[in-house]
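Asks: Questions regarding the structure given below will be posed in turn.
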Amino acid sequence: MEIRALLLCGGASRRFGSNKLLAPIPGEEEGGPIVARAAVNLREGAGGTPLALVPLGANGLREALESVGCEVVESDRTKRGMGASLAAAVAASDRADGWIVALGDMPLVAPPTIRALGDLLAEGALLAAPVARANGTRGHPVAFSAALRSELLALDGDVGARGIVERHRNELRILPTDDPGITIDLDTPAQLAALAARLQRSDRS
């Protein structure tokens, strides 16, 4: 069974003020960028070669992603939003038996969380998502079986796959987890600074 890991990297970073995905994570060796950390975790958790979807001409992103072992696909559909980006990524990996869909601005998802989502697909889940044990918040990545291929390919705009998850909520397999990374995304410099403070506290403890 081929489950393909997809990394969506098409956001405009409007709230960050520059390309947030290339911003270095505090404490990372050689100032590794956010997107590289997300890609490495995805690769280690899902196995195989992740497919990263980026905007046309995003040479910096391409270089960062290829350096950590991703296949990179450029698409002008990123301009239309996350839903369109996801549809393009699925189209580029159409023969897969399922997909684990991760976001380039969520670099702290632990590989075991990703691996467990893939296991749920392999067991026959239609779709699966991690949920924080502490408060019941659903996070990312989200896993989809090939039975949802046509619905994924039909996505457009910036809504993402929320509508698909809602339509199939009774079939959604939940992965309870203590992994805080499933809800940590980095949209602003302030959030990145908060992450730096958190990592520093962790290093001192």
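Asks: In what sequence, highest mean first, do 95-106, 162-173, 63-74 appear when ranked by Cβ atoms within 10 angstrom?
Replies: Details: 95-106: 23.0, 162-173: 13.5, 63-74: 17.8.
Going from most to least packed, we get 95-106, 63-74, 162-173.
Asks: For Asp187, Asp179, Asp94, what's the fewest-to-most ordering of other Cβ within 10 Å of each Cβ?
Replies: In order of increasing Cβ crowding within 10 Å: Asp94, Asp187, Asp179.
Asks: Using just the helices of the chain, give the 222 nm mean residue ellipticity in deg cm²/dmol: DSSP H runs with n ≥ 4 each add -39,500 (n - 2.57), and the total is spread over all residues, rounded to 500.
Replies: -10000 deg cm²/dmol
Asks: Follow-up. Need one number: convex hull volume per residue for segment 77-155, Cα atoms only, in Å³.
Replies: Once divided by residue count, the hull of segment 77-155 is 106 Å³.
Asks: Can you give the Rg to Rh ratio for the chain, taking only C-alpha atoms and Rh from Kirkwood?
Replies: 0.94
We did not get these values from a lab; they are worked out from the coordinates using the rules stated. Note that the structure is a prediction, hence the values are computed from the model and not measured. Glycine gets a Cβ as well: all are built from the backbone with ideal geometry, and neighbour counts include every protein chain shown.
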